[in-house]
Amino acid sequence: MSSFKCEPQTFSVAIVLIMLLLNPREGLCSCYKDIFSFGDSTMDTGNFVHLIGKAKSKYTEPPYGMTFFKHATGRVSDGRVLIDFYAQALKLPRIPPYLPNKDSGEFPNGANFAVVGATTRGTNYSVPLLNGTVGVSWTLGVQMDWFEEMAQRIAPGDGAKQHFLRNSLVVMGQISGNDYESLFNAGRGRPGDDIEEIIIDIVIYITHFIEELILDYGATTFLVPGIFPMGCYPSYLSRFHSDNPKDYDKQGCLRWLNEVSQKHNQQLHGELSRLRGFYPGVKLIYADYYGVAMEFIENPSRFGIGDPLVACCGGDGRYHTGMECNSTAKVWGDPRNFTNWDGMHLTEKAYSIIAQGVLNGSFADPPFMQGC
């Protein structure tokens, strides 16, 4: 596999790069030949709807997909999700979902293994369909199994395997939000609960698979996101409403839920720092999704956003969560004026802001473009 590098030659080239970073419609540079991504609904581009076959899902109906694609694509948003913006910035075509093409796809630009409802560990979690729910069995470990099946088919032999990811960007998440939701559904994770051991266990799972990709497949560059501020999700704000003003921060988000996010992110960031000591030749980039999300939650008008704590699609009530987002739900306006799409998932506008916040270096440690 050939190596792709972007090395600024002159001051004018540096200025061009800065302009590209500020324009989400343009590419950064061709630093990587492909992207392989894992995660949950923030990344899924069609694996979930393939898994459920002919079962009806709201993710295959309007208003999902209304903004960019003009039709539902299996993405849990009004338009594009994070992996779409990462691929675009790196001058790559959209990264296809793995499962629809798992038997014959060559995946020259990478593959996306993320799936709606995915958890880091095995846990009791389900995803709603139009006629009920489906239990989730696609953990991060299962996604890794899919990756290994693909690698064995298109790059057989130990020699090819050990260098398979040498020039690739591996995006490891976001994942883990559904693990915590399963805890909340079970009445755990509330103030006073000791969930530090669970957080450590979840993070260890993530870092275990990172090491596997380094040692077995020669991965050299990872983008590893933290999780969003869960205390600002409209669905959680409605479900866990409190009459005590002290339970909310100045933005109106629930403190205890954001504290869970912060503890997870601190643990993950620390583990990545530890791994850098063991693998000095591997670039492990921590993506601060929490920090960049708080930018548009604290300063929504700066991004042309109204209330960042209400869903664009849903029902009546303070947070527009009176009903789930589906073909009969109310769309409260142009999704480009919202950050939250359906109570738990973000709009294309929010994903664009998050991707740019990571790509331009402000919310990436080390900066994404450093050494590219």
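The values are calculated or read from the model by the stated rules, or taken from the named source; none is laboratory data. No experiment lies behind these values; they were computed from the predicted model shown. Reconstructed Cβ throughout: ideal geometry from the backbone, glycine too, with neighbour counts over all protein chains shown. Only protein heavy atoms, including side chains, enter the accessible area calculation; ligands, DNA and RNA are left aside. Shrake-Rupley method; radii C 1.70, N 1.55, O 1.52, S 1.80 Å.
Couple of notes before you dig in:
- Distance in nm between pseudo-label sites at N299 and A160 (7 Å out along the Cβ direction from Cα): 4.9
- Projected label points at D316 and E196, each 7 Å from Cα along the beta carbon direction, are separated by 4.7 nanometres.
- Think of the chain as a dipole: +1 on every Lys or Arg Cβ, -1 on every Asp or Glu Cβ, centred on the Cα centre; then among P225, Y180, L268, P225 lies furthest on the positive end.
- Order of exposure, largest accessible area first, which applies to E348, E298 with probe 1.4 Å: E298, E348
- Rounded if a/c under 1.5, otherwise prolate or oblate - the range 144-236, Cα gyration tensor axes: prolate
- For the chain, built as a Gaussian network whose Cα springs stay under 10 Å, the top-fluctuating residue of G53, G343, G141: G53
- Label zone at K263 (point 7 Å along Cα-to-Cβ), backbone N below 20 Å, the range 224-244: 226-233, 236-237, 240-242
- Near V134, the amide H atoms lying under 5 Å from its own belong to V127, L129; only residues 5 or more places off or on other chains count, and H is placed 1.01 Å from N.
- In plain terms, the chain from K91 to R239 could stretch by 49.2 nm, reckoned as 0.36 nm per residue minus the Cα-Cα distance.
- Charge dipole of the range 270-372 (Cα centre as origin; +1 on each Lys and Arg Cβ, -1 on each Asp and Glu Cβ, all else neutral): 260 debye, rounded to the nearest 20.
- Evaluated with a Cβ-only charge set (Lys, Arg +1; Asp, Glu -1), the chain carries a dipole of roughly 800 debye about its Cα centre, given to the nearest 20.
- Top positive-direction residue, dipole computed over the chain with Cβ charges, set G132, Y86, F278: Y86
- Residues T60, T339, sorted by accessible area with the largest first, give T60, T339 [1.4 Å probe; ligands and nucleic acids excluded].
- Here the Karplus relation 6.51 cos²θ - 1.76 cosθ + 1.60, evaluated at θ = phi - 60°, turns the backbone of the range 218-234 into coupling constants of x, 4, 10, 9, 10, 10, 10, x, x, 9, 6, x, 5, x, 9, 6, x Hz, with x for every Gly and Pro.
- For the chain, built as a Gaussian network whose Cα springs stay under 10 Å, the top-fluctuating residue of L183, L268, L140: L183
- Here the extension length gained between F278 and E61 equals 73.5 nm, from 0.36 nm per residue of separation less the Cα-Cα distance.
- Taking all protein chains as shown and a probe of 1.4 angstrom, E106 keeps an accessible surface of around 120 Å².
- Estimated at 0.36 nm per residue, the fully extended path between W256 and N124 surpasses their Cα-Cα distance by 45.3 nm.
- Once C-alpha pairs closer than 8 Å and six or more residues apart are averaged by separation and normalised to the residue number of the chain, the relative contact order reads 17 percent.
- Heavy-atom SASA rank of R336, R188 (probe 1.4 Å, accessible area, largest first): R336, R188
- By the rule of a C-alpha distance below 20 Å, with chain neighbours fewer than 8 residues away ignored, the lysines paired with K70 are K56, K58, K330, K349.
- Helix runs (DSSP H) in the chain reaching 18 Å along axis by Cα, Kyte-Doolittle at least 1.0: 196-217
- Relative contact order of the range 185-292, defined on C-alpha pairs under 8 angstrom at six or more residues apart (%): 40
- Candidate cross-link partners of K246 among the aspartates and glutamates, defined by an alpha-carbon separation under 19 Å and a same-chain spacing of 8 or more, comprise D193, E259, E298.
- Heavy atoms of K330: accessible area, 1.4 Å probe, square angstrom to 10: 100
- 5 angstrom amide H check on V116, placed H, neighbours 5+ away: F48
- Given a 1.4 Å probe and the protein chains as shown, R239 ends up with an accessible area of around 110 Å².
- With R₀ fixed at 41 Å, the C-beta to C-beta distance from S362 to S104 puts the FRET efficiency at about 0.50.
- Among N265, N337, N101: highest mean-square fluctuation, GNM of the chain, C-alpha pairs under 10 Å: N101
- Value at 222 nm in deg cm²/dmol, rounded to 500, when DSSP H runs of n ≥ 4 in the chain each add -39,500 (n - 2.57): -10500 deg cm²/dmol
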